[in-house]
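No value in this document is a laboratory result; all are computed from the given coordinates. Everything quoted here is computed from the prediction, not taken from an experiment. Using ideal geometry, Cβ is built from the backbone for each residue, glycine included, and neighbour counts are taken over all protein chains shown.
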Amino acid sequence: MKLAGARDGTDKRRMPYDIDRRGELDGTACDFLEDVLLTANRTKAPDAAVPAATTAYLRSTLVQRSGSSRVTMDAALTCAKNGAVVTADPGMPPIESKSEWADAPVDRILRDHVARAVKISKYCVAVALLHPRMRANPWHPAMRAFFDGRGPFTGPPGQGR
């Protein structure tokens, strides 16, 4: 599970799970969900949980040899739900720099090439693309940057969201 952490960080909680059962939650997974939500957010888990969207991508990771920064690039990003599939622009893979102060060599290269940072959660963007009535204002820039109208999001920002 990924949760919003302190100072724009991400709190990731994991448990071993059979990949062939990824579309369902067994008793152990439901207990894990309940425990994480109660301890992290003081929230009770929903009575029923169903997949809202699935994301798939091919990730490449580059690691700085003389430092702690790294860069990920997620090519062939697709979002799917019940047979509906939306594919990101193949010429615009999301690139994420993971450096402590946004001052790694790749951060400077991206800034020098006027690459503008866009907030993205692949899952939230997938939900926004595949559920057109869902409020998606924070994700409009990412939807425009990476999907360029390739899905249900084709109207002006804020319309039906």
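The residues of the range 74-90 that are part of a loop (DSSP other than H, G, I, E, B) and within 14 Å of the chain's Cα centre (by Cα) amount to a single one, ALA88.
For the range 76-88, what are the residues that are touching a strand residue (DSSP E or B) at 6+ places or on another chain (Cβ under 9 Å) and either loosely packed, with under 15 Cβ neighbours inside 10 Å or among the β-branched types (Val, Ile, Thr) (or both)? Answer for the range 76-88, where residues must be touching a strand residue (DSSP E or B) at 6+ places or on another chain (Cβ under 9 Å) and either loosely packed, with under 15 Cβ neighbours inside 10 Å or among the β-branched types (Val, Ile, Thr) (or both): ALA76, THR78, VAL85, VAL86, THR87.
Among the residues of the range 39-58 satisfying the criterion of being free of Cβ contacts under 8 Å to residues at least 24 places away in the same chain and more than 26 Å from ALA6 (Cβ to Cβ), which is surrounded by the most Cβ atoms within 10 Å (Cβ to Cβ)?
In this case the residue turns out to be LEU58.
Of all the numbered requirements in (1) free of Cβ contacts under 8 Å to residues at least 12 places away in the same chain; (2) in contact with an Asp or Glu (Cβ under 8 Å, 6 or more places away or on another chain); (3) hydrophobic (A, V, I, L, M, F, W, C), ILE109 misses one, and that requirement is (2).
So, of the residues in the range 91-120 that are of a type in the set (Asp, Glu) and not in a loop (DSSP other than H, G, I, E, B), which turns out to be surrounded by the fewest Cβ atoms within 10 Å (Cβ to Cβ)? This residue is ASP112.
Taking the condition free of Cβ contacts under 8 Å to residues at least 60 places away in the same chain and in a strand (DSSP E or B), does VAL36 pass? So VAL36 fails the test.
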